[in-house]
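Asker: My questions will all concern the structure given below.
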Amino acid sequence: MDVPSILPGLAPLPAGVAVGLIALSRRRPAIREMWSLLAALSQTVLVLAMVPSALGGATLVWQPFSLAPDVPLVLRADPFGVFFATVSSSLWVLTTIYSIGYVRALAERAQTRYFASFALSLFATVGLALAGNLLTFFCFFELLTVAAYPLVIHKGTDEAARAGRVYLAYTMTGGAALLGAVVWTHALAGRLDFQPGGILGASGASAGTLWALFALFVLGCGVKASIMPLHTWLPVAMIAPTPVSALLHAVAVVKAGVFGLVRVVGFVFGPEVLGDLGAGAALAWLAMATILLGSLAALAQDNLKRLLAFSTVSQLSYVVLGATLGAPDAFAGGVLHIASHAVLKITLFFCAGAISVVTHLEQVSELGGIGRRMPLTMTAFAAAALMLAGLPPGAAFVSKWRLLVGAAESAAWLAMTTLLLSTILNIAYFVPIIVRAFTGPAPAAIEEAPPAVLVPLLVTACAGLLLGLFPDAAGHLLSLAQTTATSVLSAP
Amino acid sequence: MRGHLPVLPLLLTLTGALLVPIVAVISRRAAWPLALAASGAAALAALGGVVEVLAHGTRRYPVGGWAPPWGIEVVLDPLSAFTAVVVAGVGTLSLITSGPGAASAYRRGTPGFYALALIALTGFLGMIASGDLFNVFVFLEIAAISSYALVGSGGGPALAAAFRYVVLGTVGASFYLLGVGFLYTLTGTLNMADLAQRLPAHAGSPLFVGGALFITVGLALKMGLFPLHGWLPDAYTYAPAPVAALLPAVATKAAAYALARTLLYVLRPTELPVTAMLAWAGGAAIIVGAVLALRQDDARRLLAYSSVSQMGYIALGLGLANPTALAGAYLHILNHAMMKAALFIGVGALVLRGRGPGLAALGLGREMPVTGTCMVVAALSMVGVPPVGGFFSKWYLLQGALEARQPVLVIAILVGSLLALVYMYRLTEAVWFGESPPGAARAEAPWAVLIGLVALAVAIIAAGLGNSAIVARLLVPAAAGAL
């Protein structure tokens, strides 16, 4: 049941307003950063306030005006949207604190642009999370592409400019494909709203048309979701400052792509149409290939951030795989993996950032013995890495377990094998880093990073553990994921 | 006054054009405010026209009280009211930017510029308001001759460009006149409403076919449609900055309007493949114009070729001629006028402070952040990033192309956006990340330029967020009478 409410419209507002306030207070760093923090906190509160109604089945809807005569701008707080908005905004709070410590410690340039772009990116992320139809989603999706661009090129070097060009070329090509897909959907279905179970079932379009449309959607969202072979931009974009890699390249931007794919699979096509086409299985194949190849590529990396990026490429496809298996447990597990991967990967990036703040080192091979000088950081790193691999009782264990159960239910033995193999690969690329960090000779004159950097990473590491122990405590993430899965897979 | 709303905009600019040289004799400084007042009043009158059309529907105004088909008729309907606002509004904003500071770079004496600009605006507004084919020609020539002079006033290479513009422009106008002659021979009338009634009886006649072709080709040349765009790049590259702020934005739009009006509402050539030709020429223009724009190192020439590409979008929409595509084409008349004006004004301001129009010499974004930001907004609109204006014209065009089952044109629109991303990225990157040229003055653009630029940037965003109202209330009714 839809209930008109202004709350979904208010949720992205703090970030939007903060962009202006940050730009205005560029000469006063303390005030500028206070705006960022305030925006992140109020956004989180607003999003959390929508959780009860999303779970209770009364979906809050805000529909202020029309984007086109027959397509309104709709912000709709359904369980899936609230889930993604909760994850991104709560992690934004920690990233803001971390950013303040990080940019000050490294005396980064153009800090105002940095914080303003960050706020605009989160505005777009919450907007696309709550978007109630494809056109609204597309608007925020493209805004996110543009808003995150200044963060990729932040360093201002030639290498950063090249990374920015690669980033734009990939994401905007994806955007054009997505636009084509959205217009085509409009022509076929005559509507663009997200409906659990899909809107294309009654369109009467031929199988060939639906296949082509699905391929366009996968191309459109798949770039941000970094499905292989569309992933190349992500490792290149690691030139960005670490907090950006942490929140945008592990949570907001890439998850926006994954989120879009799940929306397309569950709310535009619907499992039934995809099952009849066999397109879901095709996407599952792509996802499985990405899971394995991403992990294998991570094995070969020496640069820590690039390693983490390839690990992200691999982990993102868990979510896609879960959505395509057609089992409620797998769907919920995939959705939940958005949260567990977010919390754990952000911890790992925070650790990488803490190391580079203190030592300016980025290569794994140079990190021997660093765990003896930065025990808290590296313990958090080790814990997050092992939890991400899927060891209980971490957050990723809960989501992967559900994925496995779902795969078993739908007798997808290949998917199960992939998931297990990937766990082994995860351990294979993380354990050497941990072992080296704690065994090598301790480097001289190094201590833990400043508190603003250290505290957030400890908090996210603990959050990763708590999310594993009590998956339904923080914002009812598990319930939201399960409600989403049930609504999609039991839709009439 | 309300009764005269259909002719008011062009009367105001015409009066301004006549007054400017006289007042300038007394005070040269008074020329700019006077010109601004005239075109601003014309813009307000055009807005009044929109209000009038929304409230009371189409208005026909017999000039001097002589009833058509003997007298001259001026028509105020949704399409002409909308286009008049675009031309007068964007024209006024670009005239603002030719004020103090900017005009000092303009070496041929400013009063002459203002008088000519107002005459050109009169011509464009007349083409839009006119209800008969011959007066379209008269105003087309008024606009064209003042445009030739405006472009040529740059001197040097602008003279050669203007000469080419004269020759090709005259060819276009002659083609149009020839076509009108054919139709007159056939039907004995020049009034558009009259012609629309009589022409269906002559649909197969060779005179009709010839007339339709001559008119289409003539006006397509005037709107710079590939492959008839030969005059455009040089003219807009070498035109002096205040001229480049005005003409690329509105001149091609007035011609596009005239083409839409005559082809879709008067000739309605359902038996001939004229509209299909137009759509495919538009698709080709989108790609070719964009590819040529990619290769330019002179920012002004880059923008000129981008115009070739963007006019392709408009032609594509007109050629598809279904209501959605037409709404997209009309909306793109507004969007392209605003973004092209903003970009030419921005480049003009950068050139004024820097060392020339080469991309390498434009790296002044950090010194001129307001100018640079407004250019980014216009660039986003050109690429079609939502929710900025340019996205929505492409949205309707894409929908229209899908409705017409033209997948190739859908792809052309999408690929055109990606190519626009590349050439706009080159410009934006040059502005924001290029090295600022040594010895360049480090200061924001003159205030007059900033006012116009910021107003355009705000309007570009507003046109995107508010496009639904424009489309539903003005453009869909405007498209309803076509074909």
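The values are calculated or read from the model by the stated rules, or taken from the named source; none is laboratory data. This one's a predicted model, so the numbers in the text were calculated from it and none came from an experiment. Cβ atoms come from the backbone with ideal geometry, glycine included; neighbour counts cover every protein chain shown.
Asker: When the residues of the stretch A:72-100 are narrowed to those that are part of a helix (DSSP H, G or I) and among the β-branched types (Val, Ile, Thr), which ends up nearest to the chain's Cα centre (by Cα)?
Answerer: Looking at residues that are part of a helix (DSSP H, G or I) and among the β-branched types (Val, Ile, Thr), I get A:Val87.
Asker: Please work out which residue is modelled with the highest pLDDT, limiting yourself to the stretch B:289-319 and to residues that are in a helix (DSSP H, G or I) and surrounded by fewer than 19 Cβ atoms within 10 Å (Cβ to Cβ).
Answerer: Within the stretch B:289-319, the match that is modelled with the highest pLDDT is B:Val291.
Asker: Oh, and also: Are there any pairs, at least 6 apart or on different chains, whose C-beta atoms fall under 7 Å, with the first in the stretch A:437-465 and among the acidic types (Asp, Glu) and the second not in a helix (DSSP H, G or I), and if so, which?
Answerer: Once the first residue is among the acidic types (Asp, Glu) and sits in the stretch A:437-465, its partners that are not in a helix (DSSP H, G or I) give A:Glu448/A:Met374.
Asker: Within the stretch B:228-245, count every residue that is part of a helix (DSSP H, G or I) and over 14 Å from B:Gly154 (Cα atoms).
Answerer: 2
Asker: Of the numbered conditions (1) crowded, with 22+ Cβ neighbours inside 10 Å; (2) within 14 Å of chain B (Cβ to nearest Cβ); (3) more than 22 Å from the chain's Cα centre (by Cα), A:Ile199 satisfies every one except a single condition; which is it?
Answerer: (2)
Asker: Considering the stretch A:154-167 alone, what residues qualify as being more than 18 Å from the chain's Cα centre (by Cα), away from every other protein chain (no Cβ under 11 Å), crowded, with 21+ Cβ neighbours inside 10 Å and assigned to a helix (DSSP H, G or I)?
Answerer: Residue satisfying the conditions is A:Ala163 alone.
Asker: Please specify each residue of the stretch B:152-190 satisfying the condition of being over 21 Å from B:Val217 (Cβ atoms), hydroxyl-bearing (Ser, Thr, Tyr) and surrounded by fewer than 21 Cβ atoms within 10 Å (Cβ to Cβ).
Answerer: Answer for the stretch B:152-190, where residues must be over 21 Å from B:Val217 (Cβ atoms), hydroxyl-bearing (Ser, Thr, Tyr) and surrounded by fewer than 21 Cβ atoms within 10 Å (Cβ to Cβ): just B:Thr189.
Asker: So A:Leu60 fits all but one of (1) surrounded by fewer than 19 Cβ atoms within 10 Å (Cβ to Cβ); (2) touching a strand residue (DSSP E or B) at 6+ places or on another chain (Cβ under 7 Å); what number is the exception?
Answerer: (1)
Asker: Could you check the stretch A:316-343 and list, in sequence order, the residues that are in contact with a Ser or Thr (Cβ under 7 Å, 6 or more places away or on another chain), surrounded by fewer than 24 Cβ atoms within 10 Å (Cβ to Cβ) and in a helix (DSSP H, G or I)?
Answerer: Passing the criteria: only A:Pro328.
Asker: Go through the stretch B:356-401 residue by residue and tally those that are more than 10 Å from every other protein chain (Cβ to nearest Cβ) and either among the aliphatic types (A, V, I, L, M) or touching a strand residue (DSSP E or B) at 6+ places or on another chain (Cβ under 9 Å) (or both).
Answerer: 15
Asker: Return only the number of the condition from (1) over 18 Å from B:Ala329 (Cα atoms); (2) away from chain A (no Cβ under 12 Å); (3) touching a residue at least 24 places away in the same chain (Cβ under 8 Å) that B:Ala478 does not satisfy.
Answerer: (1)
Asker: Of all residues being at pLDDT 90 or above and assigned to a loop (DSSP other than H, G, I, E, B) in the stretch B:217-226, which is surrounded by the fewest Cβ atoms within 10 Å (Cβ to Cβ)? Just the residue, please.
Answerer: Across the stretch B:217-226, the extreme among qualifying residues is B:Met223.
Asker: Same structure again: Quick one: which of B:Ala37, B:Ala84, B:Ala42 is more than 17 Å from B:Ala129 (Cα to Cα) and in contact with a helix residue (DSSP H, G or I) (Cβ under 9 Å, 6 or more places away or on another chain)?
Answerer: Step by step, each of B:Ala37, B:Ala84, B:Ala42 is checked, and only B:Ala37 is more than 17 Å from B:Ala129 (Cα to Cα) and in contact with a helix residue (DSSP H, G or I) (Cβ under 9 Å, 6 or more places away or on another chain).
Asker: A further question follows. Would a scan of the stretch A:168-180 turn up a residue that is buried (at least 22 other Cβ atoms within 10 Å of the Cβ), small (Gly, Ala, Ser) and more than 10 Å from chain B (Cβ to nearest Cβ)?
Answerer: yes
Asker: I've got another one for you. In the stretch A:38-76, how many residues are within 14 Å of chain B (Cβ to nearest Cβ) and touching a residue at least 24 places away in the same chain (Cβ under 8 Å)?
Answerer: Residues that pass the stated criteria total 9.
Asker: Another question, then. With the requirement that a residue be farther than 14 Å from B:Ala285 by Cα, in a helix (DSSP H, G or I) and within 11 Å of chain A (Cβ to nearest Cβ), what does the stretch B:411-434 give you?
Answerer: Residues satisfying the conditions are B:Leu418, B:Leu421, B:Val422, B:Met424, B:Tyr425, B:Arg426, B:Thr428, B:Glu429, B:Trp432, B:Phe433.
Asker: Quick test of your reading of the structure: A:Gln301 fulfils all but one of (1) assigned to a helix (DSSP H, G or I); (2) surrounded by fewer than 22 Cβ atoms within 10 Å (Cβ to Cβ); (3) in contact with a Leu (Cβ under 8 Å, 6 or more places away or on another chain). Name the failing condition by number.
Answerer: With respect to (1) assigned to a helix (DSSP H, G or I); (2) surrounded by fewer than 22 Cβ atoms within 10 Å (Cβ to Cβ); (3) in contact with a Leu (Cβ under 8 Å, 6 or more places away or on another chain), A:Gln301 is out only on (1).
Asker: Inspect all residues belonging to the stretch A:179-196 and state whether any of them is out of contact with any Lys or Arg (no Cβ under 9 Å at 6 or more places or on another chain), hydroxyl-bearing (Ser, Thr, Tyr) and within 21 Å of B:Tyr396 (Cα to Cα).
Answerer: no
Asker: Right, something else. Tell me the residue from A:Thr232, A:Thr185 that is buried (at least 21 other Cβ atoms within 10 Å of the Cβ) and polar (S, T, N, Q), please.
Answerer: Within the list A:Thr232, A:Thr185, the selection yields A:Thr185.
Asker: Is it true that A:Pro79 is free of Cβ contacts under 8 Å to residues at least 40 places away in the same chain, out of contact with any Phe, Trp or Tyr (no Cβ under 8 Å at 6 or more places or on another chain), over 28 Å from B:Ala462 (Cβ atoms) and of a type outside the set (Phe, Trp, Tyr)?
Answerer: So A:Pro79 fails the test.
Asker: Then there's this: State all residues of the stretch B:455-475 that are touching a residue at least 60 places away in the same chain (Cβ under 8 Å), touching a strand residue (DSSP E or B) at 6+ places or on another chain (Cβ under 9 Å) and among the aliphatic types (A, V, I, L, M); if no residue qualifies, say none.
Answerer: B:Leu465, B:Val471
Asker: Given the structure, is A:Val103 surrounded by fewer than 24 Cβ atoms within 10 Å (Cβ to Cβ), more than 11 Å from chain B (Cβ to nearest Cβ) and either assigned to a helix (DSSP H, G or I) or in contact (Cβ under 8 Å) with a residue 40 or more places away in the chain (or both)?
Answerer: Spelling it out, A:Val103 is indeed surrounded by fewer than 24 Cβ atoms within 10 Å (Cβ to Cβ), more than 11 Å from chain B (Cβ to nearest Cβ) and either assigned to a helix (DSSP H, G or I) or in contact (Cβ under 8 Å) with a residue 40 or more places away in the chain (or both).
Asker: Can you find even one residue in the stretch A:130-153 that is out of contact with any helix residue (DSSP H, G or I) (no Cβ under 8 Å at 6 or more places or on another chain), of a type in the set (Asp, Glu), within 13 Å of another protein chain (Cβ to nearest Cβ) and in a helix (DSSP H, G or I)?
Answerer: no
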